[in-house]
Amino acid sequence: MNVLIIICCYLALLLILGWGSGRLFRGTSRDFFVASHSIGPFLLLMSVFGTTMTAFALVGSTGKSFERGIGTYGLMASISGLVHMAIFFLIGIRLWALGKRHGYLTQIQFFRARFGSDGLGYLLFPILVLLVVPYLLIGIIGAGKVIEPVTAGAFPDLFTHPTIPAWAGGVPPWLTGLVVCAVVLTYVFLGGSRGAAIANAFQTLVFMGMGIVAFYFVVQSLGGLEQAGKVPMRITDMGDVVQDYRYDQAEGQLVANVPPKKIGKVTNFTNSDLTDKHPHLSRDTVNIEFKKKNPKNGELKPFEREIGMPFITFVTYLFIPLSVGMFPHLFQHWLTARNAKAFKLTVIAHPICIMIVWVPCVLIGSWASGLLPPGIPPPAVLSSTLNLLVGDPILTGLLTAGVLAAIMSSLDSQFLCLGTVFTNDIVMHKAGEEKYTDKQKLQIARWFIVGIVSITYALAMLVKNANVFDLAIWCFSGFAALFPLVFASLYWKRATKAGAFACILSALVIWLYFFQESGYGGEYYVGPGIVPAAICFLVSATALVLVSLFTTPPPRDTIDRFFPSQS
Amino acid sequence: MKPSPAQPKMGIFWLFFLLMLFLHQDFWNWSTEAISFLGMPIGLFYHAIFSVACSLLGAWAVIRAWPAKWEKYADVKDDDKPAANQHSVE
């Protein structure tokens, strides 16, 4: 119950912060959408970083590391540090400058002007919404997965249908999702873009701080860093996969399993080099068969998992972080910057911030492989580990608040962005700027946000057991497939309207094809382990280049406006 | 608008970027699970250091290759500033 009280206090604090930032709101639509271009370096860093780190970063990375090992960090985190930094520097600053000078509030306004096409906006709008919705889903699903285990037993008579029997009495995912959406909607409505930036900064500090605290206590419980390194599951000389340790909650310490507890077996074990290896600590691939208990009838069911990662997968994952260049909510954050210099801190500090959050999560996920049952749902690994190793309800409550902070600091920007895009790119664009008053524009944005959040919430309840990491990868893959569009629009004068259409349509078709092949959101690779994002990117880039070369170049005034130094 | 002095430095930024892309594919650490500094397996420690190197590249970029021309571009007030929602011709 203490955990729940702390979480409720944190949510109340956010509402107070929202009310406070609402007092700074200037009442105009421009202030609501882009904070009147007034955000300085620190708030920009915190809001951009908080927006890019969501359930995916904390819950997803721990779960993925539990499944695949420490390679998860290189797969997503370190490459994101490089690619995001380059995108902020090469694309963010240019888009900010063009947006500020020409008054663009959204990505679609920029693309419409760059390619001289209304239709491009109408094509892009549903695609951006389609891709942001899975991003919202992972936040809502992730929040539900985190809260239920840590509140288990709090309401035994009220919540009697838990996801797994051990979590009986915990706050169910439907209620967590509802509360999280309501809190985020409230502070976004009150403070708009500035409110979201302030809340993001606060929440980013909370989740970074709590991540470090969580890591400290987990390490203490495991007996120090050196001992923790011995905890991950191990392969024996017979090809059995064992857990050498268990955590004794009564004693509050790590205890050796004598004999080691067998939890699985390497499939087709012939390689003696695997003896005594901890597969989570390197990146060699090993296929292991585990068993998991069916929560309904207690029956043990075998399942296979590949630990480690193929080199080709690791290499082609570099296409995934390109998605940042096309995130509509990040475009909006860039436009909130007071000046170009505000970007400097973000360019420098973003990779380090990623490291501070991801390294502890990846280590915790790997260590957890030696302590938790292998069949546990990956999104529940972080909270289950905290519950097992930290135990103290106050600390667990604070750490869970940190995870919620990471989730909500992305949801707010995405909610706001969808309202901004709909109001400006569809309603205002069709009706004209003068038809609606500023107050009416705000009402339109807010009602659209409520509509989208309701639909997303319903979808989240339908796919509540989806893997947060895999769902996020599909969302990122779609945005990465569109990356050639933004890059060419800024760096290639010859990119044409027809080329832009070809790029978007080919990206859409190939992404939908792979998404359907994956069973609508599962882990999926092409051939020897190539991520679909790499192929989507190459197809859309090729379409853009070929079609642009065979169509009439953009008019001179477009070139003059978007390529000033070369005019 | 005059070409910015930062322009040649952008080429150096791209070179560093490509070098970092190569260094990211650390196949030489693939199979080892040796524990290094701070109890981290070498494959993780290497990438943590890689993250720090990315920050250093970012710091070099903002100091030596800062696109000052775009700052100036944003500050110019156009008399004929177009409305963002102006309908364009298909």
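Observations, loosely collected:
- Separation of alpha-carbon centers, segment A:357-372 and segment A:466-491, rounded to whole Å: 27 Å
- Hits among aspartates and glutamates - C-alpha to C-alpha of A:Lys430 under 15 Å, sequence gap 8 or more where chains match: A:Asp118, B:Glu90
- Interchain or long-range residues, amide H under 5 Å from A:Asn257's placed H: A:Tyr245, A:Arg246
- Charge dipole of the protein assembly as shown (Cα centre as origin; +1 on each Lys and Arg Cβ, -1 on each Asp and Glu Cβ, all else neutral): 1620 debye, rounded to the nearest 20.
- Antiparallel bridge percentage (DSSP; both residues within chain A; nearest 5): 95 percent
- For the residue pairs A:Lys64/A:Lys341; A:Lys64/A:Lys265; A:Lys262/A:Lys464; A:Lys344/A:Lys464; A:Lys341/B:Lys9; A:Lys439/A:Lys493, the alpha carbons lie more than 28 Å apart in A:Lys64/A:Lys341; A:Lys262/A:Lys464; A:Lys344/A:Lys464; A:Lys439/A:Lys493.
- Look at the stretch A:340-349: the mean tally of other chain Cβ atoms within 10 Å of its residues' Cβ atoms is 5.
- From phi via Karplus (6.51, -1.76, 1.60), per-residue ³J(HN,Hα) for segment A:306-311 in Hz, x at Gly/Pro: 8, 9, x, 8, x, 4
- Taking θ as phi - 60° and the Karplus parameters 6.51, -1.76 and 1.60, the scalar couplings of segment A:232-245 work out to x, 4, 10, 9, 8, 5, 9, x, 6, 10, 10, 9, 7, 9 Hz in sequence order, x denoting glycine and proline.
- For A:Lys230, the aspartates and glutamates whose Cα comes closer than 19 Å to its Cα, not counting residues fewer than 8 places off in the same chain, are A:Glu67, A:Asp240, A:Asp244, A:Asp248, A:Asp273, A:Asp276, A:Asp284, B:Glu33.
- Report summary: the helix-based calculation at 222 nm, which adds -39500 (n - 2.57) for every DSSP H run with n ≥ 4 and divides by the residues of the protein assembly as shown, gives -19500 deg cm²/dmol.
- Peptide A:224-230 has a mean shielding of 3, counted as Cβ atoms of other protein chains within 10 Å of each residue's Cβ.
- Each principal axis of the protein assembly as shown carries a Cα extent, and these read 80, 53, 43 Å when sorted largest first.
- Using the Karplus relation 6.51 cos²θ - 1.76 cosθ + 1.60 with θ = phi - 60°, the per-residue 3J(HN,Hα) values for segment A:110-119 come to 5, 5, 4, 6, 5, 9, x, 8, 5, x Hz, with x marking Gly and Pro.
Taken together, the values in this text are just the output of simple stated rules run on the coordinates, not laboratory data. All values reported here derive from a predicted model rather than from experimental measurement. In this analysis, Cβ positions are derived from the backbone assuming ideal geometry, glycine residues included, and neighbour counts consider all displayed protein chains.
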